[in-house]
Amino acid sequence: QACALRLRFRIPSGITLRTPRPRGPPLVPTMVNGGLQYGGAYGAQDTSGYGAGAPGGGYGAVGAFAPLQGKGGLGMPPPGRQRRLNIFAICLNIFMPWILFCLVAAMLSFEMHYTKPELCQTLIIITVVLLVLLGALDVLYMMWRRRTGEASLATSTWLLFLCVSCLVAIGVAVPLGNHNFWASSQVFFDITALNSYNGVDPARMRGQELMDAGRVMFVNGTRLDLTRAMGFRNVETYCVAPITGGAVVGNPPLAAYDFWAVGKDCCSSNSADFRCGEYNNLEARAGVRLMRDEDRAFFRLAVQQAESAYGIKATHPLFFHWVRDPVAETFQYQQGAFQTYMVAMFAFFAFQCVLVFIGAGVFCKFV
């Protein structure tokens, strides 16, 4: 259509000014974001250069603001539009890694690790391999879609997020479960696997007779000889005191001091000031066997120092934690393992919720 222009100077008669006719289909009104804009016919290809080849081209048309999709595109959503969140995927990404963390941590923290350690290791390796394969397949699928023009590098999936989250859960659960087992559960299972003895008289029995003792209840009158305590220092101070008394009247020297109360960092290395366990409880006359192999050699050195300093003899020393109730003391190890597991379980749930919240925000904004 010709559009006559009114100019302030006179146009000679016979001359008509016309605007250049744009190439392509005629402009038609289009509703965009609540406003009326003029662009090409719906579905038409713009050739005027204003719409960059997008559908509905023309100056002001939708094509002028449409993102570049297809091969090499960034896949960014148009302004004002956000991707809908997948509630099922969000719940799955919250609970699935958390459940996996709980299972792996429980498997490594408690009895299964003690009785079937090889099975625990095999199950963890299989789970990690499956998660890595699943994540790799999802990445390959996205790359294939990008080559075909159906997706872009910015397009990621909740499935990949789930695989990574599960691997993180296993990576946190394995060291935590192992530490919880070595610090508490293993001691509990080692002690309960050994025998319990009642009525042990340290003046009449020898250490060779109780090699498999886990918990020992001594006879009435048994006490700690704090005057013959000794400490050996090697970064930490390893404290020992002989268990004496028993049915013998008075406090005569024993032929062999084979029962020793032990503790760490509860005495000094240059004086007899043993303050380990329930040393000041007059009702305490029981012992829970020391199960730490890495500590046993240092306690032996402390006993050897006591032998040299006090002129006594320890043929086959056994080491115990001096307590009043050996059963309750033993189950405190199990209780400590459960407490650590529960705290870790709820802490990781909170961590996973934060992780999914951040992932949902990123997906909603950029994907």
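The values are calculated or read from the model by the stated rules, or taken from the named source; none is laboratory data. Nothing here was measured: the structure is a model prediction, and the numbers come from that model. Cβ coordinates were reconstructed from backbone atoms using ideal geometry, including for glycine residues, and neighbour counts include every protein chain displayed. We work out accessible area using only protein heavy atoms, side chains counted, and drop any ligands, DNA or RNA first. Shrake-Rupley method; radii C 1.70, N 1.55, O 1.52, S 1.80 Å.
From G171, G177, grab the single residue that is part of a helix (DSSP H, G or I) and in contact with a Leu (Cβ under 8 Å, 6 or more places away or on another chain). If you could, list the steps in order and put the result at the bottom.
Working: G171 fails: in contact with a Leu (Cβ under 8 Å, 6 or more places away or on another chain).
The match here is G177.
From the residues in region 273-290 that are in contact with a strand residue (DSSP E or B) (Cβ under 7 Å, 6 or more places away or on another chain) and assigned to a loop (DSSP other than H, G, I, E, B), which one is farthest from N195 (Cα to Cα)? Please lay out each step first, then the result.
Restricting attention to region 273-290, the residues satisfying the condition of being in contact with a strand residue (DSSP E or B) (Cβ under 7 Å, 6 or more places away or on another chain) are 274, 276-279, 284-290.
Retained after the next criterion (residues that are assigned to a loop (DSSP other than H, G, I, E, B)): 274, 276-279, 284-285, 290.
Details: F274: 27, C276: 24, G277: 22, E278: 22, Y279: 24, A284: 20, R285: 17, L290: 14 Å.
By that ranking, first place goes to F274.
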Exercise. Quick one: which of D293, D265 is acidic (D, E) and in contact with a Ser or Thr (Cβ under 6 Å, 6 or more places away or on another chain)?
Worked result: D265
Seminar exercise, completed: In region 322-340, anything out of contact with any Phe, Trp or Tyr (no Cβ under 8 Å at 6 or more places or on another chain) and touching a residue at least 40 places away in the same chain (Cβ under 8 Å) is listed as V323, R324, P326, V327, E329, G336, T340
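Give the residue that is nearest to Q352 (Cα to Cα), with candidates limited to residues of region 88-113 that are among the aromatic types (F, W, Y) and open to solvent by less than 80 Å² (accessible area, probe 1.4 Å).
Initial filter on region 88-113 (among the aromatic types (F, W, Y)): 88, 95, 98, 101, 110.
Restricting the remaining residues to those that are open to solvent by less than 80 Å² (accessible area, probe 1.4 Å) gives 98, 101, 110.
Numbers: W98: 7, F101: 10, F110: 23 Å.
Looking at residues that are among the aromatic types (F, W, Y) and open to solvent by less than 80 Å² (accessible area, probe 1.4 Å), I get W98.
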Problem set entry | Evaluation of A297 against (1) over 18 Å from H321 (Cα atoms); (2) open to solvent by 50 Å² or more (accessible area, probe 1.4 Å) (one fails), failing number | (1)
For this session: Could you check how many residues of region 288-320 are in contact with a helix residue (DSSP H, G or I) (Cβ under 7 Å, 6 or more places away or on another chain) and in contact (Cβ under 8 Å) with a residue 40 or more places away in the chain?
Result: 13
Exercise. Which residues, taken from region 250-272, are closer than 23 Å to Y197 by Cβ and of a type in the set (A, V, I, L, M)?
Worked result: L254, A255, A256, A261, V262
Exercise. Can you name the condition, by its number, that W322 falls short on among (1) at pLDDT 95 or above; (2) open to solvent by 60 Å² or more (accessible area, probe 1.4 Å)?
Worked result: (2)
For this session: Within region 262-282, identify whether any single residue is within 15 Å of F320 (Cα to Cα), basic (K, R) and either crowded, with 16+ Cβ neighbours inside 10 Å or modelled with pLDDT of 90 or more (or both), and answer yes or no.
Result: yes
Exercise. Can R145 be described as of a type in the set (K, R), part of a loop (DSSP other than H, G, I, E, B) and surrounded by fewer than 18 Cβ atoms within 10 Å (Cβ to Cβ)?
Worked result: no
Problem set entry | Whichever residue in region 310-330 is in a loop (DSSP other than H, G, I, E, B) and among the small types (G, A, S) and, among such residues, is nearest to F299 (Cα to Cα) | A314
Exercise. Looking only at region 348-366, which residues are free of Cβ contacts under 8 Å to residues at least 12 places away in the same chain and either within 17 Å of N178 (Cβ to Cβ) or not in a helix (DSSP H, G or I) (or both)?
Worked result: none
